[in-house]
Amino acid sequence: MTSNTAVTRYNSISIALHWAVAILIIGLIILGWYMAGLPRDEFRSTLYNLHKSFGAIVLGLILLRIIWRLRSVLPSQEVGHLQQVLIEFAHFGLYLLMFAVPFIALVAGSFNRGYTFFQWHWEPLFAKDPDLAHFFMDWHGWLAYALTALVAGHILAALHHQFVVKDNIFRRIWFS
Ligand code: HEM
Ligand code: HEM
């Protein structure tokens, strides 16, 4: 991964991955909170199934995105050193949580019910241990909160750039 002053925007695959993952993650956060409060019935099971299946798709897309990012030439930031460090820190945090949130849920499944992907189901990898599964699921929820907070800050920063600073930042990651 390098950055280049001649490159002024993200490449089209990075842009497509950014928006596909953004829509899926925002949907999964809303779905996750909504479904967890429902009474145990068939509707709730359907939503759980969708949440787990799309969550697994996000994990796949994130792995692709990380590999693609490491191979891409990134647009350079026209900001001061401190701001550059903060941006890199925030983006690193987003990548880390986008990976950790679905991954930890799959780890929890490895000690409990196994894995679900739409109509397919696989048995757990390890011996059942409900306490350990519970522990990982708690972390799934907490890290999802942290991801939500970081995404909210990220969106506010993007809006600030677009409407207050009025620079070119949003266009770098938008389809043109
Ligand atoms: C779940 C939602 C989202 C996540 C997880 C997310 C994550 C990220 C990440 C990790 C990057 C850095 C890309 C890289 O350098 O590889 C990025 C860039 C960017 N995102 Fe998002 N994003 C989300 C939603 C949004 C939304 C809704 C907006 C606009 C309102 C937005 C605006 C931007 C902009 C403008 C950049 C480019 C920043 C730059 O050029 O330095 N993002 N996003
Ligand atoms: C980026 C992907 C994901 C996001 C953003 C996400 C987000 C969330 C959120 C916000 C909740 C509600 C937490 C709470 O109310 O405490 C939740 C619950 C849940 N998630 Fe995810 N999730 C993702 C991926 C996955 C995956 C891959 C699985 C399983 C394979 C999964 C399984 C679950 C389950 C079973 C619950 C319900 C926990 C309960 O009943 O309390 N999630 N998720």
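Just one of (1) more than 9 Å from ligand 2 (Cβ to nearest atom); (2) under 20 Å from LEU17 (Cβ atoms); (3) surrounded by 14 or more Cβ atoms within 10 Å (Cβ to Cβ) trips up PRO102, so point out which.
Going through (1) more than 9 Å from ligand 2 (Cβ to nearest atom); (2) under 20 Å from LEU17 (Cβ atoms); (3) surrounded by 14 or more Cβ atoms within 10 Å (Cβ to Cβ) one by one, PRO102 breaks only (1).
When region 114-131 is examined, which residues are found to be part of a loop (DSSP other than H, G, I, E, B), within 23 Å of the chain's Cα centre (by Cα) and in contact (Cβ under 8 Å) with a residue 12 or more places away in the chain?
Once the filter is applied, which keeps residues that are part of a loop (DSSP other than H, G, I, E, B), within 23 Å of the chain's Cα centre (by Cα) and in contact (Cβ under 8 Å) with a residue 12 or more places away in the chain, region 114-131 yields only PHE118.
Identify all residues within region 93-127 that are small (Gly, Ala, Ser) and within 20 Å of ILE30 (Cα to Cα); write none if there are none.
Those that are small (Gly, Ala, Ser) and within 20 Å of ILE30 (Cα to Cα): ALA100, ALA105.
Could you please tell me which pairs satisfy a Cβ distance under 9 Å, a separation of 6+ or placement on different chains, a first residue in region 7-21 that is more than 13 Å from MET98 (Cα to Cα), and a second residue that is charged (D, E, K, R) and in a loop (DSSP other than H, G, I, E, B)?
ILE15/ARG9
State the number of residues belonging to region 54-100 that are in a helix (DSSP H, G or I) and free of Cβ contacts under 8 Å to residues at least 24 places away in the same chain.
The qualifying residues number 14.
Would you mind finding the one in ILE15, ILE26 that is within 22 Å of PHE170 (Cβ to Cβ) and crowded, with 16+ Cβ neighbours inside 10 Å?
After applying the criteria, what remains is ILE15.
What about PRO130, is it open to solvent by less than 40 Å² (accessible area, probe 1.4 Å), over 17 Å from ILE25 (Cβ atoms), more than 12 Å from ligand 2 (Cβ to nearest atom) and out of contact with any Cys (no Cβ under 8 Å at 6 or more places or on another chain)?
no
Out of region 2-43, which residues are over 23 Å from the mean Cα position of the chain (by Cα) and more than 16 Å from ligand 1 (Cβ to nearest atom)?
Correct list: LEU38, PRO39, ARG40, ASP41, GLU42, PHE43.
Residues to consider are HIS140, HIS161, HIS154; find the one that is out of contact with any Gly (no Cβ under 7 Å at 6 or more places or on another chain) and open to solvent by 50 Å² or more (accessible area, probe 1.4 Å).
The conditions single out HIS154.
The values are calculated or read from the model by the stated rules, or taken from the named source; none is laboratory data. No experiment lies behind these values; they were computed from the predicted model shown. Quick reminder, even Gly has a Cβ in these numbers, built from the backbone with ideal geometry, and neighbours come from all protein chains shown. Quick note on the areas: whole protein, heavy atoms, side chains included, nothing else; ligands and nucleic acids left out. Shrake-Rupley method; radii C 1.70, N 1.55, O 1.52, S 1.80 Å.
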